[in-house]
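A short worksheet on the structure shown next.
None of the figures in this text is laboratory data; all of them are computed from the coordinates on show. This is a predicted model, so every value here is computed, not measured.
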Amino acid sequence: MSVNLDFSAEPLFSWYVVLLIISGIAMIIIGAVNSSGLSNGWRAFNVIAGLAFTGYGIYLGFIFEGGEYFIFFKAFIVPGLVVVNFFRAMAARSSAPAAPQQMVPAPPAYGTPDMPPPPAAPVGNPAQNG
């Protein structure tokens with residue numbers, strides 16, 4: 001297995017591979033971390049797209065033996081949009097007001113129709129002092 005990164009001979013290809021892997025890893029991390037409040041669907045999309053970008057970058061950098069390859073400019077636009085969406089969701093989550101606390105009503109007083117009367121004095125021998 002050889003490394004196909006040669007910044008002096010093919011700088012565009014080499015930078016493409018490096019940025020593809022970096023953007024893929026960033027998308028995987030953003031999808032795996034649940035601190036932003038993104039929905040599970042967006043998090044799954046981030047992880048799947050990140051795995052695809054990282055996998056293609058690894059393929060081009062270490063397995064590819066020459067010939068034609070595709071440059072996906074979406075590989076740089078999508079991670080940028082994902083990062084913006086991540087921070088926007090984080091800001092919305094932190095500025096959202098906390099849910100109001102529910103008041104629990106007081107229990108009804110003894111003697112009301114909803115509550116039976118208090119128990120009577122214990123049956124049996126009276127207490128002895130002495």
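Compared with the alpha-carbon gap, the fully stretched path from ALA44 to SER94 is longer by 15.8 nm at 0.36 nm per residue.
Tell me, Kirkwood radius of the range 48-102 from alpha-carbon pair distances, in Å?
On the way: mean 1/r = 0.0698 Å⁻¹.
About 14.3 Å, per the Kirkwood formula over Cα pairs.
Using only Cα atoms, what Kirkwood radius does the range 14-95 have, in angstroms?
On the way: mean 1/r = 0.0759 Å⁻¹.
Taking every pair of different Cα atoms in the range 14-95, averaging 1/r and inverting gives 13.2 Å.
Taking 0.36 nm per residue of separation and subtracting the current Cα-Cα distance, fully stretching the chain between ILE22 and ILE71 would add 16.1 nm.
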